[in-house]
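Asks: Take this structure, written in C-alpha cells, and hold onto it; I'll ask about it next.
The values are calculated or read from the model by the stated rules, or taken from the named source; none is laboratory data. If you're wondering where the values come from, they're calculated on a predicted model, not measured in any experiment. Here the Cβ positions follow ideal geometry from the backbone for every residue, glycine too, while neighbour counts run over all protein chains shown. Protein only, heavy atoms only, side chains kept; ligands, DNA and RNA dropped before computing areas. Shrake-Rupley method; radii C 1.70, N 1.55, O 1.52, S 1.80 Å.
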Protein chains: 2
Amino acid sequence: MISELVLKNRSYRRFYQDSAIDLDTLRELVNLARLSASGGNLQPLKYITSSDPQRNALIFPNLGWAGYLKDWPGPVEGERPSAYIIILKDTEIKSQATEYDCGIACQSMLLGATEKGLGGCIIITVQKEKLQEALKIPDRYEIRLVIALGKPKETVQIDSVGPDGDIKYWRDKQAVHHVPKRDLDDIIIG
Amino acid sequence: MISELVLKNRSYRRFYQDSAIDLDTLRELVNLARLSASGGNLQPLKYITSSDPQRNALIFPNLGWAGYLKDWPGPVEGERPSAYIIILKDTEIKSQATEYDCGIACQSMLLGATEKGLGGCIIITVQKEKLQEALKIPDRYEIRLVIALGKPKETVQIDSVGPDGDIKYWRDKQAVHHVPKRDLDDIIIG
C-alpha cells in the first residue's frame, strides 16, 4: 500500500553506517526517477551515486543537517549515511520545471528505498562549489540536492501542529525525532 | 511493488469523463502529500479539490495540454478529467523549497491515484490569473500547478530516446502516446 510506504518514508538522519548499500541498489533507485514524470519530458536531471566509504567521506562534510537542531551538527561517525545520490541539473538541457522534476525524482527514489528497508533524507543545504570540486563534477552540471541513504537508526514520529503553529521538528530525551504536520483540514482550502 | 506503480503511473491526458471520483478519494490523495517531506518542514502548500462537473468546467479552459501535440488542443468533451487537485503556495509561509515540495507532493498523490486505478497529469501550463478569478481564490494563495485526474482512456508507452536525441512525446496512428526516456547510463554520470 502506497499510504504505508509514504508514512514509513520519514526523513532519517542517523543510520547504521556499516550497513552497506551496493551500487546496483542505487541504480535501481535512479531508474525509478528515470521512469517518473518530467516537465515537457525534457529530463534535465543527471545523477551521481556513491556507496564506498572513501567517496562518501568526500560528500559528507559538504552537507547541512537538520537546521532546527542547533545543538546537533549532524550524524557522528558510525551513524552517517552509507550511500548518496546527488541530483544535478544538466545546463545543456533547458527546462522551466527542473525543481518540480527534482521533487518527483526524490519521492520516487525515497519510496523505493523505503520499500527496500532503507531510509534517507533530502538535503538542500549543500556547499555546492566545494562538493563540485571534491568530486570533480564538470561545470556543465549544477548540483541541486543530495539524497543521503542508509539503514535508519532513529525513530521519527509525526505529530499534529500545536496551537502556536510551530512546525519546527525537535528531538526528545529518548532521541525520538518529532515532526509536526499540519492537519488535512488546514491544507485543503476549498 | 513501487517499481510497478512508478511504471504504471504515466501522464494521462484522455479519460473516461463519466467515471466520477469522489471528494473522499481526493482527500486521501492530499493526505499522502501532507505526510510527505517538505523543505524545512515548512509545509507551504495548500490544496483545492474539485470533483463535480460544474466546478471542473471552470478549471478545464485554463489548462494547457501536451505542448508537443500541435494538432491536439486537449481532451474533447467526454474524455476530460473527472477531478482536479490544484496545488497552491501559501504566501504567508516563507520557503525556499516550494517547487521541490510540489514535485514530492505530486508524486505521492499520483502514485496513490495509480494504486486506485486512476491516472493523471501534472499541468504547469495554467492560466493562473484566470483560474484564480474563476475559483475566487484569495490573493494569499498562488497557483503553482494543477493535477488532472480520471480513469485513463489511453495507452502510454515508454520508448528509448533515439540517436537524434529527440525527447518530444508523440502519438501514433493507433493513438498510442509514446514517451522517449533517456537511458539509465545516460543519466548516471558518475
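Asks: Give the span of the protein assembly as shown's Cα atoms along each principal axis, as three whole-Å numbers ordered largest to smallest.
Replies: 60, 57, 33
Asks: Here's a follow-up. Using every alpha carbon pair in the stretch B:1-112, what percent of pairs falls into each 10 Å bin from 0 up to the bin containing the largest distance?
Replies: Reading the bins upward from 0: 13, 38, 37, 12, 0.
Asks: How many Cβ atoms of partner chains, on average, are near each residue of A:181-187 if near means within 10 Å of its Cβ? Provide the component values of the computation, followed by the final result.
Replies: On the way: counts 6, 10, 1, 8, 1, 4, 12.
Counting other chains' Cβ atoms within 10 Å and averaging over A:181-187 gives 6.
Asks: About the Cα centre of the protein assembly as shown, how large is the charge dipole given +1 on each Lys and Arg Cβ and -1 on each Asp and Glu Cβ? Please answer in debye to the nearest 20. Mind dumping the intermediate values first?
Replies: Details: 50 positive and 52 negative charges, 30 e Å.
Magnitude of the dipole: close to 140 debye.
Asks: Step through the residues of the stretch B:93-106 one at a time and calculate ³J(HN,Hα) from phi using the Karplus curve (6.51 cos²θ - 1.76 cosθ + 1.60, θ = phi - 60°), rounding each to whole Hz and writing x for Gly and Pro.
Replies: Whole-Hz 3J(HN,Hα) from phi for the stretch B:93-106: 10, 7, 8, 8, 10, 4, 5, 4, 4, 4, x, 4, 4, 4.
Asks: OK, next. In the P(r) worked out for the stretch A:49-190, what percent of Cα pairs fall beyond 27 Å? Don't jump to the answer; show the numbers that get you there.
Replies: Values: 2969 of 10011 pairs.
Summing the P(r) of the stretch A:49-190 above 27 Å gives 30 percent of all pairs.
Asks: Now, a different point. Under a 1.4 angstrom probe, counting protein chains only, how are A:Tyr100, A:Tyr84 ranked by accessible area, largest first? Write out the running numbers ahead of the final one.
Replies: Details: A:Tyr100 30, A:Tyr84 0 Å².
Ranked list, largest accessible area first: A:Tyr100, A:Tyr84.
Asks: If you don't mind, there's one more thing I want to ask. Please quote Rg/Rh for the stretch A:110-190 to two decimal places, taking the Kirkwood radius as Rh and restricting both calculations to Cα atoms.
Replies: Numbers: Rg = 17.3 Å, Rh = 15.9 Å.
In the stretch A:110-190, Rg relative to Rh is 1.09.
Asks: Using a Debye calculation, one point per C-alpha and no hydration shell, please list log10 I(q)/I(0) for the stretch A:74-119 at q = 0.26, 0.33 Å⁻¹ in order.
Replies: So the normalised log intensities work out to -1.00, -1.18.
Asks: If you take the charge dipole of chain A about its Cα centre, with +1 on Lys and Arg Cβ and -1 on Asp and Glu Cβ, which of A:Gly39, A:Ser50, A:Trp65 is farthest toward its positive end?
Replies: So the residue furthest toward the plus end is A:Ser50.
Asks: What does the charge count near A:Ala66 come to, summing +1 for each Lys or Arg and -1 for each Asp or Glu among other residues with Cβ under 15 Å from its Cβ? Don't skip to the end; give the middle numbers.
Replies: Values: positive: A:Arg10, A:Arg13, A:Arg14, A:Lys70, A:Arg80, A:Lys153, A:Lys168, A:Arg171; negative: A:Asp71, A:Glu79, A:Glu154, A:Asp172.
Net charge around A:Ala66: +4.
Asks: Then there's this: In whole angstrom, note down how far apart the Cα centers of the stretch B:150-166 and the stretch A:119-182 are.
Replies: The distance from the Cα centre of the stretch B:150-166 to that of the stretch A:119-182 comes to 34 Å.
Asks: Can you give me the accessible area per residue for the stretch A:1-146, using a 1.4 Å probe, in Å²?
Replies: Ligands and nucleic acids excluded, the figure is 43 Å² per residue.
Asks: Here is a further query. Find me the longest stretch of chain B that has none of the exposed GluC sites (Glu not before Pro), where exposed means in a DSSP loop (not H, G, I, E or B) with at most 10 other Cβ atoms within 10 Å. If you can, show how the numbers build up before the last one.
Replies: Working: sites that count: B:Glu77, B:Glu92.
The reported range is B:93-190.
Asks: Whole-Hz ³J(HN,Hα) for each residue in the stretch B:30-39, computed from phi via Karplus 6.51 cos²θ - 1.76 cosθ + 1.60 with θ = phi - 60°, x for glycine and proline: what do you get?
Replies: Working through the residues one at a time gives 4, 4, 5, 5, 4, 8, 8, 5, 9, x Hz.
Asks: Run the dipole for the stretch A:11-87 about the Cα centre, Lys and Arg Cβ at +1, Asp and Glu Cβ at -1, nothing else charged, and hand back the magnitude in debye, nearest 20. Walk me through the intermediate numbers first.
Replies: Numbers: 8 positive and 8 negative charges, 66 e Å.
That gives the stretch A:11-87 a dipole magnitude of about 320 debye.
Asks: Taking amide H positions as placed in the peptide plane 1.01 Å from N, state which residues far from A:Thr155 in sequence (5 or more) or on other chains have amide H under 5 Å from it.
Replies: A:His177
Asks: Can I ask one more? For the stretch A:69-106, list whatever residues lose no less than 20 Å² of accessible surface once every protein chain is in place, relative to that chain by itself, with the probe at 1.4 Å.
Replies: Relative to the lone chain, where solvent access is computed with a 1.4 Å probe, the stretch A:69-106 loses at least 20 Å² at A:Glu99, A:Tyr100, A:Gly103, A:Ile104.
Asks: Would you please state which residues of the stretch A:139-160 a label at A:Asp52 would reach in this model, taking the label point 7 Å out along Cα→Cβ and a backbone N cut-off of under 19 Å?
Replies: A:149
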